[in-house]
Amino acid sequence: MVAYMDHKDLDNRQIGRERAMQIADGVKRVADRIAKAEDSAGRKEGSVTLLAATKTRDVGEIMAAIDAGVRRIGENRPQEVTAKARGLLELCRDRKLALGTEAVGSDSSSASVGFHLIGQLQSNKINKILPYVDTVESVDGSPLARKLATRALAAGRTMGILLEVNESGEQAKSGCAPDQALDLAYELAAMEGIQLKGLMTVGAHVDDEAIIRSGFAHLRGLRDHIRDSGEPGTDTCTMLSMGMTGDMEYAVAEGSTEVRVGTAIFGPRAFI
């Protein structure tokens, strides 16, 4: 159990009006940043989706972001998925919103909220997320992909995945090496039970814009190569999940279709 989970009630569904307004203001500020970055890059308005990174946030805080217009959330830990899922499902239903797996295969006219896992997934935690999460963004190798595919098939569904690529080469980061990404993507795209939806990376932890952008640009090139390869299952490889609070403008300029933002929406994380 992660330490803060011993002290914080992640299923708490009630927050004060002031806190809800803080979160709504955060969503608006981030949305404005995305729109400005799209315009500066000459990209179509709405081409980049905001994913709210909800690590350490409780159900009430997450629902405040959803009420402010967020339509995709991402958890880092499977145990947080299960701690919050029931409350999120119930409150989304109250708002006539389908969440995560409930949205898969639902009427396209109904509003939905994507529920992604954006952090590391151990194979023994797959069953925790399978009933709720529609996309795993952190698949970095074929062993995990095969186990995820097998369990998804057994549950009668297909799990969306992104292939995580370690573009910066930093040892502290997960993800496959860039020179392994093409072959791995082709292998994953051909598996039954999972659908390769795109690629994900975390930007280099440096102050050099050129270095950060070069990693993002390389991932875009990989995505394009995979998507246009004609290999089985690669036509759905369209997403580029890259860019966070500190580097989202660079990511949008280099073609990101999703930015993962937590601090700029919710404020500093409260690790109690």
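No value in this document is a laboratory result; all are computed from the given coordinates. From a predicted model like this one, the values you see are computed outputs, not experimental measurements. In this analysis, Cβ positions are derived from the backbone assuming ideal geometry, glycine residues included, and neighbour counts consider all displayed protein chains.
Miscellaneous remarks
- Charged side chains reduced to their Cβ positions (Lys and Arg at +1, Asp and Glu at -1) give segment 9-96 a dipole of some 200 debye around its Cα centre.
- For the chain, the antiparallel share of DSSP beta bridges with both residues in that region comes to about 0%.
- Extent along the principal axes, Cα only, for segment 1-85: 46, 28, 18 Å, with the longest axis given first.
- Between Ile15, Ile34, Ile62, the GNM of the chain built on Cα springs shorter than 10 angstrom shows Ile15 fluctuating the most.
- A compact globular protein would have a Cα radius of gyration near 2.2 N^0.38 Å; the ratio found for segment 166-272 is 1.13.
- The chain - Rg and Dmax from Cα coordinates, angstrom: 17.8, 52
- Among Ser123, Ser214, Ser241: highest mean-square fluctuation, GNM of the chain, C-alpha pairs under 10 Å: Ser123
- Within the straight-line cut-off of under 26 Å between alpha carbons, the lysines reachable from Lys44 are Lys28, Lys36, Lys197, sequence neighbours fewer than 8 places apart in one chain being disregarded.
- Comparing mean-square fluctuations of Pro78, Pro143, Pro131 from a GNM of the chain with C-alpha springs under 10 Å, the top value falls on Pro143.
- Applying the criteria of a DSSP loop state and at most 13 other Cβ atoms within 10 Å to the GluC sites (Glu not before Pro) of segment 36-83 yields Glu45.
- All other residues whose Cβ lies under 10 angstrom from that of Glu102 are scored, Lys and Arg at +1 and Asp and Glu at -1, for a net of 0.
- Shape of segment 29-171, Cα gyration tensor, a/c cut at 1.5: oblate
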